[in-house]
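Notes to accompany the following structure.
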Amino acid sequence: AAEPCLPEETALRCQNPDCSGERRAAKVCHHAECRQLTRSGPLSLCELCDGRLHGAMHFDSHIRFDLPPQGSVLARHMSTRSCPPRTSHASDVEEDGEGPADSRGERRSSALKLPKKKARRRHTDDPSKECFTLKFDLSVNIEAEIVPAVKKKSLGEVLLPVFERKAIELGKVDIYLDQSHTPLSLQFEAYRFGGHHLRVKAKPGDELKVEQAARDAKSASLPILHPTRTTALLGLAPELVLGCWEGTDSLAPGRRRKNMTEFLGDASIPSPEPALPSGGSLPANGTDTWKNRAASRFSGFFGSGTSTGSFGRETEKLEQLASRLHAYGTFGLPKLPPQLRFDRDSWEEEGDEAGLALEDSWQQIIRGAEALSRRQCHQQEAIWELLHTEATYIRKLKVITDLFLCCLLNLQESGLLCEVDAVRLFGNIGEIIRLHRELWRSVMAPVLTKARRTGALLDPIDFLNGFKMFGSLFKPYVRYCMEEEGCMEYMRALLRDSELFRAYVTWAEKHEQCSRLKLSDMLVKPHQRLTKYPLLLKSVLKKTDDPRARDAITAMIGSVEHFINHVNSRMRQRQERQRLAAILDRIDAYEVVEGSTDEVDKLLKDFLRLDLTAPIPGTSPEDTRQLLLEGGLRMREGKDSKMDVYCFLFTDLFLITKPLKKAERTKVIRQPLLVDKVVCRELRDPGSFLLIYLNELGSAVAAYTFQASGQSLCRSWV
């Protein structure tokens, strides 16, 4: 059917200067290059001129809008194509041409064969056709983004990750093409916008919300590094650092994979430059400038469309961590913070390695080593092993403080790994290294200095004054050994839950100072060193004949073993307290006393609480309450019927509880009984016994009969 024609004075005519018939306009183009032809506004074209102009290679990517039949230029809709029509939907090749026109300028029957132009592939390898520039028209200064123009994905799908990173809701903004004032539908296919500029404006009424969200996201953002450098620094798989950099799900079918270096044609990307002015495709001679801008605004170029804002922030932190660690590797480790600068002495100021330096063998400082007997040589070897292992151990401690701990504190000053508690991870390692430096300075170093000066044999008696005070000097080991298990558990939890911490530890463990040791290996070094002292001293004693020297070594061994036994005792007490605390968690308090008012109930609450971890009254603090026996019994009180109970026998306490139906908990149903006030007797009935509880005057105040499941178990309770 013929289209109704508008009156001559209202119909919009073709604005192409070369159009001879003043035909009615059917298309309108807002592209800057087409606007230059009119020097005023959008270019309106008839079907024939549109095919001629936009069939040219330089103009083929302009997006045009259809003009409705009534000629209204305001109610326009986006064309179903951004280039001249294809000859086949299944082919990626397009053909252009024009047929003869009648006197009214309209095309004749489509059955006529059109002259074919040379076949040309759409969407070539020109980078400008594979992305578009997204600029933010907001009061907040936000850098433009380079977004992939992906085939078979909508505009909303490719823009969603960008807006999530910026904390902007996609539904509260409108997207405009170039200088157009008509919002684009987010359902449009993204690849049609390749090479164009899109503008983002807040919808009316949402300006303040959008700008505030963008301002908050910008203040919380961190600098972004080149992704390939981040991957190389951390030694991680690329997908762990930046997601799918070359993921096939984000590339159009048929396109080859690209990386940023190859895509931009340069390994090192310069700093960002001002954004491009609004306009059409990039000129062929301006690709270098475009590469610099694209790299500076690059954000997840080939990333997955399902990435979230939290993942983006985590990635940025990972990249900032990589930058700091790379700086440590390039310019050296950071200086020790004040809390790690322990008592600096003269040899430390000149360098720790100089103070801990040892000869390759004791024979280099002892005169006449060739004339010594075999037994004397073995004794010197044993003493030298004590000195050598002590120097090696101090170096290992310095790796913990100078590498792991110092770098962690420096990173936390930069806002990284702030969730890591350094004290909880390393314990009192600072006190440990301080005491060993004191031991080296006051005991080990004088022995070496004397031997180097006189050339005399290494004398084990020279170690006596230091090892005689072993207990007081090594007191920090008590705390470290008791907290060691907690430190290891905390480290395992961080490695399991924190990707940043895993990356940091991986980098540190690969450092040359670590000598291929893991952090877990370093944390158990103090415990291992403490138990090695008796073995080293016994080795010296075994190869010593002088009675005076043997007495001195024996005294040193006794001092060391006494301290180690003290540490073991404290650790057993701690384990027992933990066990008692676990038992207490299963037992509900005894509440036989009821208050008359709420005020009385509150006052009674503190006195009804049962604390099994408290010290035993009348004993030293080192005497810990221990659980001796627990189990189910059948109890009868007086002439009442029997009931099933669950009893706990501690070293000083006997608890009678009743299991609760829910969970594995029990409730105290009788007052706690002190063992020293209890009289227990077996009864003639097999498996039963009587328990009598006495008061301070020795009078019976309670009596219970218990039935065990067997005679042997009954005797165990008695």
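Can you give the FRET efficiency for Lys532 and Leu372, using 1/(1 + (r/R0)^6), R0 = 25 Å, r = Cβ-Cβ distance, to the nearest 0.05?
On the way: r = 26 Å, r/R0 = 1.04.
Rounded to the nearest 0.05, the efficiency is 0.45.
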Could you work out how far the C-alpha centroid of the stretch 520-592 sits from that of the stretch 357-406, in angstrom? 25 Å
Whole number in Å², please: accessible area per residue of the stretch 352-573, 1.4 Å probe, ligands, DNA and RNA not counted. 46 Å²
Where a ≥ b ≥ c are root eigenvalues of the Cα gyration tensor, a/c under 1.5 meaning rounded, otherwise prolate if a/b exceeds b/c and oblate otherwise, the stretch 643-718 counts as oblate
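What fraction of the DSSP beta bridges in the stretch 131-217 is antiparallel, stated in percent and rounded to the nearest 5? All intermediate terms of the calculation are to be shown ahead of the outcome.
Details: 11 of 15 bridges.
Restricted to the stretch 131-217, the bridges split so that about 75 percent are antiparallel.
Heavy atoms only, probe 1.4 Å: what % of the accessible area of the stretch 397-463 goes to carbon and sulfur, would you let me know? Walk me through the intermediate numbers first.
Values: 1130 of 2240 Å².
The computed percentage sits at 50.
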Counting only protein heavy atoms and using a 1.4 Å probe, what share of the accessible area of the stretch 131-217 belongs to carbon plus sulfur, as a whole percent? 49 percent
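The values are calculated or read from the model by the stated rules, or taken from the named source; none is laboratory data. Being a predicted model, the structure only gives us computed values, none of them experimental. Neighbour counts run over all protein chains shown; Cβ positions are idealised from the backbone, glycine included. We work out accessible area using only protein heavy atoms, side chains counted, and drop any ligands, DNA or RNA first. Shrake-Rupley method; radii C 1.70, N 1.55, O 1.52, S 1.80 Å.
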